[in-house]
Every structure is written in structure tokens, then in C-alpha cells.
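Report on one structure; see the data block that follows.
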Amino acid sequence: VSQSRYGTCTAYSTVSAIIVTKTIWQSPGVWSNGVPTSASAVEFRFNWPAGSGNVSACSVLVTNLCTVAFGPGETLTVQGEVVVSGGSSLNFDNSASLYQVLDVSNSAGAYNGNGGVVANGNQGKINYTRISTPIRYLDYTYWSTPVYTQTLTAFSPGSPYVGFYQYNNITQAWNWVDPITVMAPGKGYIIRSPEYYYAIAGTQAWTGLFNGTPNSGTITT
């Protein structure tokens, strides 16, 4: 609708139909409407084990208390939103990836491409595993979170209270940060190895688990 000093004019665009095909992964492990593509709305109602391969979709819904897992090197590519309903789980092993092509608005508090906070788009929580390079006692590793909300202490509960730092651009120094802090998207933190590494001879890789709603879009910091 456009208005001018001479009155109000109303114009309508042509009508176009957008068809989205839905396919469901269901018992006993078959697609209800063919293998999904980037134009498919995908619903998982049955377990999808790691090692089953890559999946492309327009949107993803995980429901029916099932477990969906992507193994090392596998990718879930989604054009739009990812929704994990209560009791279901969506898991990504080390080097597996969730790739969202378009910016989507997320559940309350989570970040999106416009920097807004709205209640739609990505909903529910995913589990995102990452493994460090081999480290020793007192070593630090750099981390940044792909999900909201993720606290530092929940990510590395074995690290000491004094073992969490963030960089201060003004003073050009690393400042201690309280481990109950929620990790900000796009921000880097250094976290000390767990205290039990004191008893480990040599180096050992450490496994961290991110748990939360996937962040999406361009994050400016």
C-alpha cells in the first residue's frame, strides 16, 4: 500500500505457489516420500544413527522421542530452521557439522542474522561434540560456542574456577571470567585443562560437549 498527497493507492503482486515436499524418516527406517533434497521439509520420527550419511533439507523437525546423530565428517545441511522437540535429541560428533544456509530467527534469547530476539526459527537443543588437540595439565584451549545458552562451567566442569579467561581489546590482556558466564556467540574464550590432568603423563585430547539452541546468521563482534 502506498499513500500520496492525492489519496491512497493499493497494488497487489502476482500470486505464486511455493510447494514444499515433506518426507518423514519413520519405522522401520524408510523415507515416507523419497530421499530428501534441499526443497524438502524433513521430519525424523525414527532413530537416525551416526554413519548414515549426509542429509539435505529445507527444514528439520526431530520428534517422537527419537535420536538423530551425525558421525565424523557428516553434514546436516538445512535451508531454514531446525526444531528439536522435547525428549528427542540431535547429536553431532567431532568433525560433523550443522550447516544452515539461510539466516533464521531463533528461540527466545538466541541470536539470528538480524541480531534480534524472537520466538520462532531454531528451537530446542542440539548436542555438538568437539575434541581438542592433545594437551597437558595447565594447558589452555581456545573455544567459541555454536549454541545458546552455553555456560563455561557446563562446557568444562573439570576445569578449575580460576581457569577461564576472555580477551580485553582495550587493555590487550586476558581477564578472568566467572565460569557461570553464558558464552557469547562470536566471542573467544580460553579454558584450562581439567584438574584431573595432573595425574596424566604426557598429553591427551579432551572432549567437550556444547548443548543448546543453534546460533544462526552473521554475528558481529
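Values for this structure:
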{"item": "Among 46-57, 197-208, the order from most to least packed when residues are scored by Cβ within 10 Å on average", "result": "46-57, 197-208"}
{"item": "Distant-in-sequence amide H partners of Gly186 (H built 1.01 Å from N, under 5 Å)", "result": "Thr145"}
{"item": "Relative contact order computed over region 128-207 (Cα-Cα under 8 Å; 6+ residues apart), in percent", "result": "49 percent"}
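Read the figures in this text as sums done on the coordinates, not as results from a lab. As the structure is a prediction and not an experimental result, all values here were calculated from the model. Every residue, glycine as well, gets a Cβ built from its backbone with ideal geometry; the counts of neighbours run over all protein chains shown.
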